[in-house]
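Everything below concerns the one structure shown next.
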Amino acid sequence: MNNRTCSFSGCLRSAKSRGLCNGHYTQKYRGVELKPIREPDSQTRFWARVTKTESCWEWNGPKTSGGYAQFSFQGRHEYVHRLAYEWMIGDIGDGMFLDHICHNRACVNPSHLRPVTNKQNAEHRQNAQRNNQGSGVRGVYWHESSKKWRGMLRHNGKLIGIGVFQTIAEAEAAIQAKRRELFTHSDHDSITH
């Protein structure tokens, strides 16, 4: 990783080629007098990539395959939802994550974000895991030996079996009841379907 800054006086951008940042190197290559590079401030650049709706504030810049986005800010890459929260609400806290209450990873609306522990963030998951090919319901798996649906969840690092059931609906109801009992941040389980 390159920790050197551009050799042009006052420029704090990373040096890329011949001791200059990309912008100053381009100026030198074109044979023009080197001048300071004016960039819009970080927040102006950031908010220009956000579309605000009545609900989510959608990030329109590039995203990772997982749906998260990063933004170059003060020489480092930061997650966009964390920057929006810190700028508009305040400190997130050491070791804390931001939970997207809306389940939209591209949303930067601070009212849709809440600081949580890793455990609480995992509790608020919405869908079944990718390896759950059978039921499509979070925590409900096909139990081959009994030929029934099995309810299971993880809490405080322990796998807890809820039981086996004739139907997916019965297993789902049992697993939701157990999550309401044990979890503090499984908001969608508190809603009756």
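Working note: 222 nm ellipticity from helices only, DSSP H runs with n ≥ 4, each -39,500 (n - 2.57), summed and divided by the residues of the chain, gives -6500 deg cm²/dmol to the nearest 500.
Annotation: cysteines of the chain without a disulfide-compatible partner (Cβ-Cβ under 4.7 angstrom) are C102.
Among L20, I168, T44, whose Cα sits farthest toward the positive end of the charge dipole of the chain (+1 at Cβ of Lys/Arg, -1 at Cβ of Asp/Glu, about the Cα centre)? The residue sitting most towards the positive pole is L20. Taking a straight line from the alpha carbon of K28, these aspartates and glutamates sit under 19 Å away, with near neighbours fewer than eight places off in the same chain left out: E39. Each eigenvalue of the Cα gyration tensor of the range 1-67, multiplied by 5 and square-rooted, gives one semi-axis; in descending order these are 33, 15, 11 Å. Rounded to two decimals, the Cα-based Rg/Rh of the chain, with Kirkwood Rh, is 1.17.
Annotation: lysines with alpha-carbon distance below 30 angstrom to K158 (same-chain offsets under eight excluded): K119, K147, K148, K178.
Summing charges over all other residues whose Cβ lies under 14 Å from the Cβ of W149, with Lys and Arg as +1 and Asp and Glu as -1, gives +1. Largest GNM mean-square fluctuation across D99, D91, D41, computed for the chain with C-alpha springs under 10 Å, falls on D41.
The numbers here are math on the coordinates, done by the rules we state, and not lab data. Everything numeric in this text was worked out from a predicted model, so none of it was measured. Backbone-built Cβ (ideal geometry, glycine too); neighbour counts: all protein chains shown.
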